[in-house]
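So the structure is just underneath, and the comments pick up after that.
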Amino acid sequence: MRKSILQAIDLKTKVLFSMVLLLYVATPFVLNPSLQPAEHSGDILILNAAQALPLDVDLEALPEHQAQWLDVEFPLHWRDQFTDSRAVWYRMQISQQTLDSLASEGERLGIYLWRLNQTADVWLNGLLIGSGGRTEDPMVRYWNSPLYFNLPQFLPAGRSELLIKHYAERGWGSMEPVVLGLDSVLRPVYEQRYFIQHDLALGLFVFVLVTGGLSLLIWVYRRQESESLWFSIASLGLSFYCLNQFIRYLPVSSDLWRWLSNISIDLWAVAVFLFVLRSMKIGRPRAERLAFLYLGLGIPLYFYASFYSAFDINIYFHLGSIWIGIYSFYLSFKAYRRTADLLPVFYCFAIILVVIAGLHDVLMQAAVNNGWHFGLLPGFENHFNFTHFAAPLIFVMIAINLMKRFVLSMNAADETNEQLELRVAQARDELAANYKAMETVLKAQLAQTERERIYRDLHDDVGSKLLSLFYRLDREADSLLAKSALEDLRDIVSHRSLEGCSLNEALQQWHAEAEDRVRDAGIRLDWRCESDLGDFELTEMQRAQLRRMLREVISNALLHSNQLTEIRVSIERVGEQLHFNIDNNGSYSPVSEWQVGRGISNLRVRARNLAGSFELLDLTGDWVRVSWSVPLDGGQPDSSRSD
């Protein structure tokens, strides 16, 4: 014996269905910012009646048409009386007693037009207090957003006259009752309704467009997943519908825009239907052909309705999209019963919510915009479109499904590749290690060959010339300079200059070189440095740069001072910092008066390259100090400069 439908649904599914339906039933009560006169009877005034003048004339021309004013009541639909009008004036008289009853000390009054099609300008006692925007083509659109204006702070005594010039295209205007009241009461209601009808629609437009773009990107890379393509097409249709809710100025004619917006609704319904079929692997070729036929018939039909003002046709034909949604729900439910999978359950939840929202919007548009008076729901005119609020639910669920499938596909690919990667990992590592070793050996051989060539060339050519120059120069300063250049040359091409060494070994070499240079110049050297500064290996860069700095400072002292008699060198290690202080008594002027040349500039650059600091200091008498400190751990040197 077959189980009934209710018996086939498990308890968890029943609970989920009930919670979603309860959520949607509660949505209108949470989101509807309708005014309740009983709650604010002393703070607002609802103007349900007025006099109307269906003429597009200026304010100054109104007295010429005094006899043409007609009595009307709100809500008012132009199709009932003013079919051929582009603008209609409304005139309302407000007594002083009424204004006094609304007034509150220190607070302004406001006028709230919570639903109208398409825009309006408002005057009070001949003074323009607010405008909805452009009234020429293209006319601004407030068909789905409220308007709110503040009245002047001080109103004249006596009766006040409120004038509203209402604009709409193709004689398709509508106006709900006008509300007058305290700013503290009306503004929060206006802002809440504006946020729901405008700002939320804008956010949903961006969300749906981005989601559709991601789906299209998936389809581009995986053409076999046609459901991604249909999902992106559905996103395009829904995003156009959301855009229609808040766009103010149309980029095309209003007739063409109305035609496209109606097509987008059916396009969205058909694309979602095809997505459901593809994602659940359901074959319904006849149903698909009927869906395409429905979509194709809508194109010329909506064109006629939009360009020839037969707007009632839209209401009837959109019911086809409702039936497509119901059929999609039926197929999803059958798939759930057959597979017990959660995906069809999600589709059922989302589709039924969208179907209910769509039916609500069709009836509301028929009542509010098309002027059909059903007399069904009290306060129905206070509602607003729900479809674009419910639709993202199915988009979220579909997006989750697409991402889930994408992740599963990626995981399957990773698992497939994992076996291969494990098998080749060892061979790849061995090849990389061998290649690196070969590359290191090759670089070393090339460097050695090039070094030997440079050494031979420099030694034979430049070296011999510097040596000859050293013996031929008469001036001691020139001889020292030639000797220093010769020593630099030997260091550059020697094997030792391209290698690091221990700190203690470097100190011994520096001491010997400094002692030799100052002895030749007849200057006393006071070398102050401990024989053992700890076990630390200098890098090639540290060794070369520190040696050149020490040599440059001693050379500068020997070359630029005729009264020099002594040089003191102090090197000490404090923690991970190495401090150099080189003093001499040959200064002929304060440091502040020195002209900074290339030598001092190079010293600063070398200290910076070692992530250290450099400074010049005046001491007592003729003594001057050149000082620098560098971190032994290397710090963050500027490796781009190594001169």
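The values are calculated or read from the model by the stated rules, or taken from the named source; none is laboratory data. Computed from a predicted model, the values in this text were never measured in an experiment. With ideal geometry, Cβ positions are generated from the backbone for all residues, glycine too; neighbour counts draw on all protein chains shown. We work out accessible area using only protein heavy atoms, side chains counted, and drop any ligands, DNA or RNA first. Shrake-Rupley method; radii C 1.70, N 1.55, O 1.52, S 1.80 Å.
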Members of region 577-598 that are exposed (fewer than 14 other Cβ atoms within 10 Å of the Cβ) and of a type in the set (Gly, Ala, Ser):
589, 592, 597
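So, in region 204-228, exactly how many residues are open to solvent by less than 60 Å² (accessible area, probe 1.4 Å) and over 26 Å from residue 256 (Cβ atoms)? If you could, list the steps in order and put the result at the bottom.
Here is the first cut: in region 204-228, the ones open to solvent by less than 60 Å² (accessible area, probe 1.4 Å) are 204-205, 208, 211-213, 215, 218-219, 225-228.
Filter once more, so that each one left must be over 26 Å from residue 256 (Cβ atoms): 211, 215, 218-219, 225-228.
Total meeting the criteria: 8.
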Picked from region 557-576 (must be touching a residue at least 60 places away in the same chain (Cβ under 8 Å) and in a strand (DSSP E or B)), the residue most open to solvent (accessible area, probe 1.4 Å) is 573
I'd like the residue in region 56-103 that is modelled with pLDDT under 90, hydrophobic (A, V, I, L, M, F, W, C) and within 47 Å of the chain's Cα centre (by Cα) and, out of all such residues, is most open to solvent (accessible area, probe 1.4 Å).
103
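Right, residue 341: modelled with pLDDT under 90 and within 40 Å of the chain's Cα centre (by Cα) or not? Can you show your working first?
Details: modelled with pLDDT under 90: yes; within 40 Å of the chain's Cα centre (by Cα): yes.
The answer is yes for residue 341.
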Checking residue 57 against (1) aliphatic (A, V, I, L, M); (2) touching a His at 6+ places or on another chain (Cβ under 8 Å); (3) in a strand (DSSP E or B), which test does it fail?
(3)
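Go through region 518-556 and give me each residue that's free of Cβ contacts under 8 Å to residues at least 12 places away in the same chain and assigned to a helix (DSSP H, G or I). Outline the logic, then answer.
Filtering region 518-556 for residues free of Cβ contacts under 8 Å to residues at least 12 places away in the same chain gives 519, 522.
Correct list: 519 only.
Would you be able to tell me the number of residues in region 137-168 that are among the charged types (D, E, K, R) and more than 36 Å from the chain's Cα centre (by Cα)?
So the first thing to find is which residues in region 137-168 are among the charged types (D, E, K, R), and the list is 137, 141, 159, 161, 165.
Next, only the ones that are more than 36 Å from the chain's Cα centre (by Cα) stay: 159, 161, 165.
The qualifying residues number 3.
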Name every residue in region 606-633 that is within 46 Å of the chain's Cα centre (by Cα), open to solvent by 20 Å² or more (accessible area, probe 1.4 Å) and of a type in the set (A, V, I, L, M, F, W, C), in order of residue number.
611, 614
Those residues that are among the aliphatic types (A, V, I, L, M), surrounded by 17 or more Cβ atoms within 10 Å (Cβ to Cβ) and closer than 21 Å to residue 574 by Cα, I need them from region 505-543; list them, please.
506, 507, 533, 538
Any residue at all in region 346-354 that's touching a helix residue (DSSP H, G or I) at 6+ places or on another chain (Cβ under 6 Å) and under 18 Å from residue 264 (Cα atoms)?
yes
In region 49-73, residues that are polar (S, T, N, Q), closer than 23 Å to residue 127 by Cβ and free of Cβ contacts under 8 Å to residues at least 40 places away in the same chain total 1
Looking at (1) surrounded by fewer than 17 Cβ atoms within 10 Å (Cβ to Cβ); (2) at pLDDT below 80; (3) part of a helix (DSSP H, G or I), which one does residue 374 not meet, given that it meets all the others?
(3)
Among the strands (runs of 3 or more DSSP E) lying completely within region 105-200, list those that include at least 1 residues that are farther than 21 Å from residue 73 by Cα.
109-113, 127-131, 147-150, 178-182
Can you tell me which residue among 306, 321, 279 is under 37 Å from the mean Cα position of the chain (by Cα), surrounded by 14 or more Cβ atoms within 10 Å (Cβ to Cβ), within 21 Å of residue 358 (Cα to Cα) and modelled with pLDDT under 90?
321
So residue 352 passes all but one of these: (1) modelled with pLDDT under 90; (2) over 39 Å from the mean Cα position of the chain (by Cα). Which condition number does it fail?
(2)
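Quick one: is residue 448 at pLDDT below 75, of a type in the set (S, T, N, Q) and open to solvent by 60 Å² or more (accessible area, probe 1.4 Å)? Walk me through how you get there before you give the answer.
Working: at pLDDT below 75: yes; of a type in the set (S, T, N, Q): yes; open to solvent by 60 Å² or more (accessible area, probe 1.4 Å): yes.
In short, yes.
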Hey, residue 249 hits all of (1) within 21 Å of residue 280 (Cβ to Cβ); (2) open to solvent by 30 Å² or more (accessible area, probe 1.4 Å); (3) among the aromatic types (Phe, Trp, Tyr) but one; which does it fall short on?
(1)
Hits in region 110-136 - residues which are crowded, with 17+ Cβ neighbours inside 10 Å, within 40 Å of the chain's Cα centre (by Cα) and touching a residue at least 60 places away in the same chain (Cβ under 8 Å):
110, 111, 112, 113, 114, 115, 116, 117
Give me the pairs: first residue in region 613-627 and in contact (Cβ under 8 Å) with a residue 60 or more places away in the chain, second residue not in a strand (DSSP E or B), beta-carbon distance under 9 Å, and six or more apart or on different chains, which are they?
626/549; 626/553; 626/556; 626/557; 626/600; 626/603
